[in-house]
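Each value in this text was obtained by applying a stated rule to the coordinates, not by laboratory testing. On a predicted model such as this, the values are computed, not experimentally measured, just so you know. As a convention, Cβ positions derive from the backbone with ideal geometry for all residues, glycine included, and neighbour counts pool all protein chains shown.
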Amino acid sequence: MSWAAVSARRLARHRLDAPALVGGDPVTRRIADVVAGTCGVHAQVMSAAEVSVAMRVAGAVCGDVRDALWRDRTLVRTHGPRGAVHLLPARDLTAWVGAMAGLDAARGPALGEPYLDPDQVAALAEACPAVLADGDLTTDELTRALADAVGGWAAEPVVGAFRARLPRWRWVQSALGRRGALCFGPRRGGELTFATPARLLPGFVPMDAEPALRRLALRYLHGYGPAAPAEFARWLGAPRDRCEEVFRSLGDSVEQVTVMGSGPALQLTGDPVHDEPPRGVRLLPYFDVFGVGCHPRSLLFAGAAARRALTRGQAGTHPVLLVDGQVAGVWRQVLRGRRLVVTVEPLVRPSAAELRELVEQVRRLAEIQGAEDVELEVGRVVAGPHS
């Protein structure tokens, strides 16, 4: 397969060739479909996550993403691949939790070290659904509730972070999310809150690990294939040898192909090749999953793009300009009330047609975020990367 064919397929699967049409479905259901197609959306920075999702659904705005998350519950905000905070489709959470909890179980006693032993981690995982059963709790409220449930050790301020000491249970917060013991709730007066899938999703029971991992691998190959086991492992934050086992277990569901300029990889058996070359200008925000999850980076971030748009090889730290499926620059935005100012730094002088598309993208960004006035500047972006 040519790299162009790979890019064209991925753009289509990520709804970056053309946004998904709502049709007769509720917009929050279509949003969940799009998030399922990308295997989740990075949501450490919620404002960026809202833009990532809304740009993939025709006419959607940030408020629609929030409605999907907090009102209609078609999305869940929790810890996903690599332990990072993600938006995941509520309907798929049983598979996600089954897969990630299975990987954590394989890590054994090292999961809680150096602050917690396996029994303490298990006690926290059992206690969280119980103490969150009646409603969302802030961090401080959950800390006190866990201390009452399992012992004062859970609240001991021993975990060093950001010049502070966090309570002991916070060391395994992401692991508790991956096990389905907790997830995030809406902010309360500016404070973070926690919820539990057992309350939000009636009948929630995680899948068994092996079928869940196979399902997740197939979903990943649908959105990011062709891919090698090492790339799946990097995306998921899992041991490479374990991911190789999972790929081997897929059997006839996958087939090997060779990507020109890269090497052998697997794709879904019979996955159609896109004959039309990748086309379009897109502005992807911080940590957009297309840039983070697509490999090999040497082809997506080719030449000067690797130096300008990656941070020590890490993707997502810069919002990127995507032209015809390739990273072609960086950008930043400043939202002042109802006025949006976007600065784009292309690596190659854009054509007149590309500039017109860029203007449309800026207007769409403004619509998504509720800005009434927009300004586009083409020049050097001086802001540093997001950590």
Problem - Descending principal axes extents, the stretch 163-249, alpha-carbon based, whole Å - result: 46, 38, 22
Completion exercise
Applying the gyration tensor rule to the Cα atoms of the stretch 285-387 (axes a ≥ b ≥ c; rounded if a/c under 1.5, else prolate if a/b exceeds b/c, else oblate), the class is prolate
Exercise for the section: Please identify, among Gly189, Gly251, Gly261, the residue showing maximal mean-square fluctuation in a Gaussian network model of the chain using a 10 angstrom Cα cutoff. Expected result: Gly189
Completion exercise
Between Gly185 and residues 5 or more places away or on another chain, the pairs with built amide H atoms under 5 Å apart involve Thr193, Phe194, Ala195
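Kirkwood Rh and Cα-based Rg: tell me the resulting Rg over Rh for the chain, rounded to two decimals. Display every interim value, and only then the final one.
Details: Rg = 21.2 Å, Rh = 21.9 Å.
Radius of gyration relative to Kirkwood radius: 0.97.
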Handout entry: Unit charges on C-beta of K, R, D, E only; dipole of the stretch 209-268, Debye
Key = 180 debye
Handout entry: Rounded, prolate or oblate (a/c below 1.5 giving rounded, otherwise prolate when a/b exceeds b/c) for the stretch 237-315 by Cα gyration tensor
Key = oblate
Exercise for the section: Quick one: angle between helix 118-131 and the longest Cα principal axis of the chain, in degrees between 0 and 90, rounded to 10, please. Expected result: 80 degrees
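Need one word for the stretch 57-193: rounded, prolate or oblate. Basis is the Cα gyration tensor (sqrt eigenvalues a ≥ b ≥ c); a/c below 1.5 gives rounded, then a/b vs b/c decides.
Working: a/c = 1.95, a/b = 1.45, b/c = 1.34.
Note, shape of the stretch 57-193 comes out prolate.
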Practice task
Rounded to the nearest 500, what is the 222 nm mean residue ellipticity of the chain from helices alone, with -39500 (n - 2.57) per DSSP H run of 4+ residues and division by all residues?
Solution key: -11500 deg cm²/dmol
Practice task
Read phi for every residue in the stretch 147-160 and hand back ³J(HN,Hα) as whole Hz from Karplus 6.51 cos²θ - 1.76 cosθ + 1.60, θ = phi - 60°, with x for Gly and Pro.
Solution key: 4, 5, 7, 10, x, x, 4, 5, 9, 4, x, 10, 8, x
Practice task
Using R₀ = 22 Å, calculate the FRET efficiency as 1/(1 + (r/R₀)^6) where r is the Cβ-Cβ separation of Thr139 and Asp33; round to 0.05.
Solution key: 0.10
Practice task
In debye, nearest 20, what is the charge dipole magnitude of the chain about its Cα centre with +1 on Lys and Arg Cβ and -1 on Asp and Glu Cβ, if you could check?
Solution key: 780 debye
Handout entry: Stretch gain in nm, segment Ala105-Gln44, where the contour uses 0.36 nm per residue and the Cα spacing is subtracted
Key = 19.5 nm
Practice task
Give, rounded to the nearest 20 debye, the magnitude of the charge dipole that the stretch 102-205 has about its Cα centre when Lys and Arg contribute +1 at Cβ and Asp and Glu contribute -1 at Cβ.
Solution key: 340 debye
Exercise for the section: Collect residues whose amide H, placed 1.01 Å from N in the peptide plane, falls under 5 Å from the amide H of Gly237; neighbours closer than 5 in sequence don't count. Expected result: Arg82
Handout entry: Backbone HN-Hα couplings from phi across the stretch 161-171 [Karplus 6.51/-1.76/1.60, Hz, Gly and Pro as x]
Key = 6, 6, 6, 9, 10, 8, x, 4, 5, 5, 4
